[in-house]
Amino acid sequence: MSNNVFIHPTAVVDEGAAIGAGTKVWHFCHISAKSVVGQNCVVGQNVFIDNDVVIGNGVKIQNNVSVYKGVTVEDDVFLGPSMVFTNVINPRSFIERKQEFKPTLIQKGASIGANATIICGCTIGSYALIGAGAVVTKTVPHYALVMGNPAKQTGWVSMAGNTLIFDENGNAICPLTGSQYVMKNGSVSIYENV
């Protein structure tokens with residue numbers, strides 16, 4: 001663990017946990033021994049990070065989030081307050097199903113709103129935006145905006161989180177940054193002049 005890490009005195013960080021430089025771990029957190037938390041992350045109050053979880057760099061985990069085994073969080077992801085991950089499809093207290101954990105992947109730059117639920121086995125695409133309270137039951141494309149229960153795609157967003165409006169040629173411009181996006185075959189990507 002780097003010397004440049006802040007860990008609040010009430011937090012529990014098990015021996016063996018890897019925490020990157022510049023990361024802050026706040027009140028009443030528990031970071032398990034076999035977990036990896038990247039650089040410059042913010043781990044809010046009352047967060048639990050399970051064994052074998054990998055958290056990328058620049059991730060913000062807001063209060064009351066549990067990141068269970070089977071979840072991978074890439075760089076620059078935002079996990080909103082009290083959002084929920086699951087890791088078993090059909091849990092029962094009297095049946096152990098640890099061999100049935102389904103992996104969940106949150107890709108670079110995605111944001112998940114407060115109180116949203118991500119059902120295990122899903123991938124949340126890069127820069128996707130999951131609305132507050134949404135219940136995500138299937139994979140979400142890059143740059144997609146989804147909301148509701150069950151979550152449905154309602155539009156597209158830029159890397160900056162602004163709504164993208166595509167013209168008849170499948171082109172859109174982020175109103176905040178001026179970055180250009182293109183839609184081809186139902187997929188969105190940022191335009192890169194090569």
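The values are calculated or read from the model by the stated rules, or taken from the named source; none is laboratory data. Keep in mind it's a predicted model, so treat the numbers as computed, not measured. We place every Cβ from the backbone using ideal geometry, glycine too, and count neighbours over all the protein chains shown.
Per-residue answers, yes or no, for (1) at pLDDT 95 or above; (2) under 20 Å from T10 (Cβ atoms); (3) touching a Pro at 6+ places or on another chain (Cβ under 8 Å):
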{"residue": "K34", "(1), (2), (3)": "yes, no, no"}
{"residue": "Q39", "(1), (2), (3)": "yes, no, no"}
{"residue": "I61", "(1), (2), (3)": "yes, yes, no"}
{"residue": "V67", "(1), (2), (3)": "yes, yes, no"}
{"residue": "V77", "(1), (2), (3)": "yes, no, no"}
{"residue": "P81", "(1), (2), (3)": "yes, yes, no"}
{"residue": "F85", "(1), (2), (3)": "yes, no, no"}
{"residue": "F101", "(1), (2), (3)": "no, no, no"}
(request) Just one of (1) touching a strand residue (DSSP E or B) at 6+ places or on another chain (Cβ under 9 Å); (2) of a type in the set (A, V, I, L, M, F, W, C); (3) part of a loop (DSSP other than H, G, I, E, B) trips up A114, so point out which. (result) (1)
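Mind listing just one residue for me: the one in the range 1-33 that is in a loop (DSSP other than H, G, I, E, B) and of a type in the set (D, E, K, R) and, of those, nearest to the chain's Cα centre (by Cα)? Don't jump to the end; show me each part of the working.
Just the residues of the range 1-33 that are in a loop (DSSP other than H, G, I, E, B), to begin with: 1-5, 8-11, 14-17, 20-23, 26-29, 32-33.
Cutting the leftovers down to of a type in the set (D, E, K, R) gives us 14-15.
Working: D14: 23, E15: 25 Å.
Here the answer is D14.
Rundown of residues vs (1) of a type outside the set (A, V, I, L, M, F, W, C); (2) touching a helix residue (DSSP H, G or I) at 6+ places or on another chain (Cβ under 9 Å); (3) under 18 Å from T123 (Cβ atoms), yes/no style:
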position: A33; (1), (2), (3): no, no, no
position: Q39; (1), (2), (3): yes, no, no
position: G44; (1), (2), (3): yes, no, no
position: V67; (1), (2), (3): no, no, yes
position: P81; (1), (2), (3): yes, no, no
position: K98; (1), (2), (3): yes, no, no
(request) Identify the residue in the range 67-111 that is over 10 Å from the mean Cα position of the chain (by Cα) and not in a loop (DSSP other than H, G, I, E, B) and, among all such residues, is surrounded by the most Cβ atoms within 10 Å (Cβ to Cβ). (result) V84
(message) Is it the case, given these coordinates, that A21 is without any contact (Cβ under 8 Å) to a residue 24 or more places away in the chain and not basic (K, R)?
(response) yes
(message) Just to verify a result, which residue in the range 46-91, among those that are without any contact (Cβ under 8 Å) to a residue 24 or more places away in the chain and among the charged types (D, E, K, R), is nearest to G133 (Cα to Cα)?
(response) K60
(message) Within the range 33-60, take every residue that is of a type in the set (A, V, I, L, M, F, W, C) and touching a Gly at 6+ places or on another chain (Cβ under 6 Å) and give me the one that is farthest from L105 (Cα to Cα).
(response) A33
